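The values are calculated or read from the model by the stated rules, or taken from the named source; none is laboratory data. From a predicted model like this one, the values you see are computed outputs, not experimental measurements. Don't worry about glycine lacking a Cβ; one is built from the backbone with ideal geometry, like all the others, and counts go over all protein chains shown. Quick note on the areas: whole protein, heavy atoms, side chains included, nothing else; ligands and nucleic acids left out. Shrake-Rupley method; radii C 1.70, N 1.55, O 1.52, S 1.80 Å.
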Amino acid sequence: MSNVILDKESFVRRVKKLYQNWKEPEYNHDDSLQKSDCVMSAVGSDEEVMYSKSTALQNWLLGYELTDTITVFTENSIYFLASKKKIEFLKQIENIKDDTDLPQIKLLVKDKTDKDKANFDKLVEVMEGSKKGKTVGVFSKDNFPGEFCESWRAHLKKKDFEQIDVSGAFGWIMCVKEESEILTIKKACLVTVDVFNKYLKDHIMEIIDADKKVKHSKLAEGVDQALSDKKYVSGVDLSQLDMCYPPIIQSGGNYSLKFSAVSDKNHLHFGAIICSLGVRYKSYCSNIVRTLLVNPSDTLQNQYNFLVNLEEEMLKVLVPGKKLSDVYEIGLQFAKKEQPSLVDKLTKTFGFAMGLEFRDNSLIIGPKCTALVKKGMVFNLNVGLANLENKNASDKEGKIIALFIGDTVLVNDTENPASILTQSKKKVKNIGIFLKEDDDDDEEEVEESRNSKAPILESRKRTTVLENKLRSENSSEEKRKQHQKELAVALNEKAKERLSKQSGGKEAEKIRKSTVSYKGVNQMPREPEVKDLKLYVDRKYETIIMPIFGIPVPFHISTIKNISQSVEGDYTYLRINFFHPGATMGKNESGNYSSPDATFLKEVTYRSTNTKEPGEISPPSSNLNTAFRLIKEVQKRFKTREAEEREKEDLVKQDTLLLSQNKGNPKLKDLYIRPNIVSKRMTGSLEAHVNGFRYTSVRGDKVDILYNNIKSAFFQPCDGEMIILLHFHLKHAIMFGKKKHIDVQFYTEVGEITTDLGKHQHMHDRDDLAAEQSERELRDKLKTAFKSFCEKVESMTKQQVEFDVPFRELGFPGAPFRSTVLLQPTSGSLVNLTEWPPLVITLEDVELVHFERVQFHLRNFDMIFVFKDYHKKIAMINAIPMNMLDHVKEWLNSCDIHYSEGIQSLNWTKIMKTITDDPVGFIENGGWTFLDPDSEGEDEGQNESEDEEDDAYEPTDSNDDDDEDSDSEYSEASEDEDDESSEDLGSDEESGKDWSDLEREAAEEDREKERYHDDDKSGHRSKHKSSHKSSSSSRHHSSPKKSSSSSNHHKSSHHDSKKRPRDDSRDNHHHKSKKSKK
């Protein structure tokens, strides 16, 4: 246990509280502790003992339960007698220095040689030396078995000590919870509610709906199993969960409204079903009691409503300063006033204090307890009615029933009533199950319950209803839309508030670094090439000296953009291009010039002959060849150095890592690091120190990650993966391997990632079976080691570093980079850690999410993350399957992130530039509402059009230009087809008009055509106009639906002409228009 960290601050704070109440108690209902000269607690090892005051005291002070340990509290010191390992753990508090009068901690190691006789004598000696040395405070109900405890009790009997039970005093002291304790209890309550709502309630619903026979004990076992199922439990460490007591399911006339009751082996009776369960998390308890009513009568509903009102009344009076007996009395008076006939049926007490123990017998909401309520206390408030007669019951099991409700509640300040921590609805409409026998499958839908507005879920045999079991499938979608509307309103308000707090100053524009080759003429090289007006490369000063108009002129390497060399005939050409305003810049060469109005040199070309004159060692062009080679070399070296400087310029200076000399530091060995320190990957070890981690490779390379620089830490187990890893997403980049990195990962491989296909394998081969078994063992071993490391680090850093585990079951595929990967949500991020580069999107940084290419005929859609920092580049995930759209929406909605969707891909670079140029103006002009297709104006128009379409489809008018534009893709296709295809363009299915309407319109057009003939002098011209009008009108009769091919139209027109003789008039009309065109 030497590696386990003990919370020293918590220990000191609680020991002080204990000794202060010993001297000057904050309570007046119990004086047992004041009468005690010392207090003794002995804890043995008995698995059957689940709760005791002694173990609760150990948990409260030390955070752990220590078996076979004796603790003695004297006036000035605290003595611990335990085994060597436990004493090693307790050495952390042995020499605590404190300004106040903290009692000294004395540690005694068990001695088997004399069966601890000397140790017992020492303890008795200090007990006799404390105050008067006559009275010992003990926990009278704690009598642990075992040789060690029995020896101590026998030794203590020999001495003349008067024993006083101090359980009540210690119970009151420990009952007032600190913030950390309340947080743990709240987590326990959340798990309790989840198991009840998601598993037990739904499971009972299914049993009733299917008319199954299931035993109470079987249901209780299922609750136990659900506690370890991630489907029902999330957000907590499953290894720290336990049931406070075996779940109790009661129905069918056999009821006991006590938490010591046991679920019997009788079948579930569909009457009054009492469910009691409580979850314990990190030793802190919670509890919930609910009664599910099947087809309750009006009388029964009134009795149940009375219980709910009674609990609410008691919450109002459970405030600091009240005596628990007064709280009980007020509840009793309320019952006498509201339902005097039911007072005798009420439970004898209305609850008890709860915490490390499920029930504190000294703090009961009953008639005899005079203890005062104090802020921070947690109670199990429960009220019930037993032995109620149900006259409407159809069977004998349902004649006698009971009602029982209970919650875990927290006492607030005097002005506010106690708050319920187990938030699960308990009104009749929420727990009522209404059944109806269906004689005929074709009956009309079941009517709504008289007392419930919720529609009833129909089935063949019987029907059940709860609030979350509605027939309407769209209820969740409607809730989601409503929530999104609320988020959309809050989004712009928050953005406006955030922008108003930010300073209005823009980022300073980057100026190109001004480089000087030589500060004076004296530094110019005196080389013969310079004097001979040749090209000379000064590698020391990274400068090229070029002859221009007979003068050697130095140019720094940073001014040269690129160079090229070519040979044409007898000459070699060297062209040198320079950077200048207006020239295209590279990725890392952007920036403004310090004096852009100056005169710049754009390019210089030198020519030299390749012909060697007599007496020359080399031709003149060799100078250009040498210059070309050296310029390239210097330029490469300069760019490498510049890149390294650019990498370092944004780095934030980190604190120095403080190394811990403790040998028990959390440590993991044989880990690879990503990204690699060098090109070849190497293993190393990761160790946690005082203020950070240090990774040391086998070669000796060191990478330090400080706790205060970790933005998010992740632990991904090897379930369904070939690697197990720890991933750190940092606030500020760190430098190693000559590059800066914001994501650092440590992993190890599980099993073989590559498989040798050349091996002849058989599925029942012994070697393969052994390999599979060894891989399973390795996975379990690695998972345990990594999990233990994470827990130790969290404990050591006091939750400064918390490891998040991705929810694999919530994952969905997508392509954030080049390949498709599994994206997994965590409690605060969306990650992909298996493939490299990794994706880590912190949800608290996200402003909104936009879905692109959301169309039914497409298989995939894209997802855009816009961050609250508008200068940050948006994150895009491509190729998410369309069937995951609802899943992703549901997840985002649960995270309170606003999302929108569209059918087009937007140019986000331009959008974000527009926003960053004038963010205030962007918010004032409606902000992100431009992404939402459901804006108010559009919404109204859309609703109206939908209503019209629901009533009857009306074809569009031929003169409506807007509709022509909106349906352009259909109209263009119809115009391109030949005229024969238009013969069938007004069918009953397409246009929505009957044949008589079409004949009437055709006759009107014929009459209009005849008027044209009479009015116009030019016959040919009138014919042309008429044909144009008739053809266009026939075209407008077509409905904007999908057009068929011309061959299909031809076939269908012949087919219809046989069946429908009324088609002839319209066909003749079309033929006339074709003739007029000719």
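Numbers for the structure displayed
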item: Any hit, the stretch 25-34, residues being within 26 Å of Asp116 (Cα to Cα) and touching a strand residue (DSSP E or B) at 6+ places or on another chain (Cβ under 6 Å); result: no
item: Condition check for Ile864: in contact with a His (Cβ under 8 Å, 6 or more places away or on another chain) and closer than 29 Å to Asn492 by Cα; result: yes
item: Among residues of the stretch 309-325, those that are out of contact with any Pro (no Cβ under 6 Å at 6 or more places or on another chain), surrounded by 16 or more Cβ atoms within 10 Å (Cβ to Cβ) and in a helix (DSSP H, G or I), counted; result: 6
item: Residue in the stretch 108-118 that is part of a strand (DSSP E or B), touching a residue at least 12 places away in the same chain (Cβ under 8 Å), farther than 14 Å from Met40 by Cα and open to solvent by 60 Å² or more (accessible area, probe 1.4 Å) present; result: yes
item: Subset of the stretch 326-365 that is open to solvent by less than 20 Å² (accessible area, probe 1.4 Å) and in contact with a Gly (Cβ under 8 Å, 6 or more places away or on another chain) - its residue that is nearest to Glu389 (Cα to Cα); result: Leu346
item: Members of the stretch 396-436 found to be touching a helix residue (DSSP H, G or I) at 6+ places or on another chain (Cβ under 7 Å), open to solvent by 40 Å² or more (accessible area, probe 1.4 Å) and part of a strand (DSSP E or B), listed by number; result: none
item: Residue in the stretch 835-854 that is assigned to a strand (DSSP E or B), under 24 Å from Tyr672 (Cα atoms) and in contact (Cβ under 8 Å) with a residue 60 or more places away in the chain present; result: yes
item: Condition broken by Leu342, with the remaining ones in (1) under 26 Å from Ser286 (Cβ atoms); (2) of a type in the set (A, V, I, L, M, F, W, C); (3) touching a Phe, Trp or Tyr at 6+ places or on another chain (Cβ under 8 Å) satisfied; result: (1)
item: Qualifying positions in the stretch 195-207 - surrounded by fewer than 20 Cβ atoms within 10 Å (Cβ to Cβ) and among the hydrophobic types (A, V, I, L, M, F, W, C); result: Met205, Ile207
item: From Ala261, Ala220, Ala272, Ala226, residue being out of contact with any Asp or Glu (no Cβ under 6 Å at 6 or more places or on another chain), buried (at least 18 other Cβ atoms within 10 Å of the Cβ) and free of Cβ contacts under 8 Å to residues at least 40 places away in the same chain; result: Ala226
item: Residue satisfying all of: in the stretch 830-861; of a type in the set (Val, Ile, Thr) and in contact with a helix residue (DSSP H, G or I) (Cβ under 8 Å, 6 or more places away or on another chain); most open to solvent (accessible area, probe 1.4 Å) among these; result: Val854
item: Among residues of the stretch 205-250, those that are farther than 24 Å from Tyr51 by Cβ, aliphatic (A, V, I, L, M) and in contact with a Ser or Thr (Cβ under 9 Å, 6 or more places away or on another chain), counted; result: 4
item: Strands (runs of 3 or more DSSP E) contained in the stretch 644-747 and holding at least 3 residues modelled with pLDDT of 90 or more, closer than 20 Å to Lys781 by Cβ and of a type in the set (Ser, Thr, Tyr); result: none
item: Failed item in (1) modelled with pLDDT of 85 or more; (2) closer than 19 Å to Lys561 by Cα; (3) of a type in the set (Val, Ile, Thr), with Thr609 passing the rest; result: (2)
item: Checking Leu292 against (1) assigned to a strand (DSSP E or B); (2) under 26 Å from Glu389 (Cα atoms); (3) open to solvent by 20 Å² or more (accessible area, probe 1.4 Å), the condition it does not meet; result: (3)
item: When residues of the stretch 119-138 are limited to those that are aliphatic (A, V, I, L, M) and assigned to a helix (DSSP H, G or I), the one farthest from Lys157 (Cα to Cα); result: Val126
item: Residue tally, condition crowded, with 20+ Cβ neighbours inside 10 Å and among the aliphatic types (A, V, I, L, M), over the stretch 234-258; result: 3
item: Pick from the stretch 603-625, criterion assigned to a loop (DSSP other than H, G, I, E, B) and of a type in the set (Val, Ile, Thr), ranking: farthest from Phe579 (Cα to Cα); result: Ile617
item: Within the stretch 143-164, considering residues that are more than 16 Å from Ser54 (Cα to Cα) and in a loop (DSSP other than H, G, I, E, B), the one most open to solvent (accessible area, probe 1.4 Å); result: Lys158
item: Residue in the stretch 231-247 that is hydrophobic (A, V, I, L, M, F, W, C) and touching a Cys at 6+ places or on another chain (Cβ under 6 Å) present; result: yes
item: Ile96 being touching a Leu at 6+ places or on another chain (Cβ under 7 Å), modelled with pLDDT under 90 and either open to solvent by 10 Å² or more (accessible area, probe 1.4 Å) or charged (D, E, K, R) (or both); result: yes
item: Residue count for the stretch 574-598, restricted to those that are at pLDDT 75 or above, touching a strand residue (DSSP E or B) at 6+ places or on another chain (Cβ under 8 Å) and open to solvent by 60 Å² or more (accessible area, probe 1.4 Å); result: 1
item: All helices (runs of 4 or more DSSP H) inside the stretch 1-82 with 2 or more residues being open to solvent by less than 70 Å² (accessible area, probe 1.4 Å) and of a type in the set (Phe, Trp, Tyr); result: 8-23
item: Residue that is least open to solvent (accessible area, probe 1.4 Å), among those in the stretch 786-811 that are within 11 Å of Pro717 (Cα to Cα) and either assigned to a helix (DSSP H, G or I) or at pLDDT below 85 (or both); result: Phe786
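For (1) open to solvent by 20 Å² or more (accessible area, probe 1.4 Å); (2) part of a loop (DSSP other than H, G, I, E, B); (3) closer than 16 Å to Thr820 by Cα; (4) of a type in the set (S, T, N, Q), each residue gets a yes or a no:
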| residue | (1), (2), (3), (4) |
| --- | --- |
| Met863 | no, no, yes, no |
| Ile877 | no, no, yes, no |
| Ile880 | no, no, yes, no |
| Asp886 | yes, no, no, no |
| Leu892 | no, no, no, no |
| Gln904 | yes, yes, no, yes |
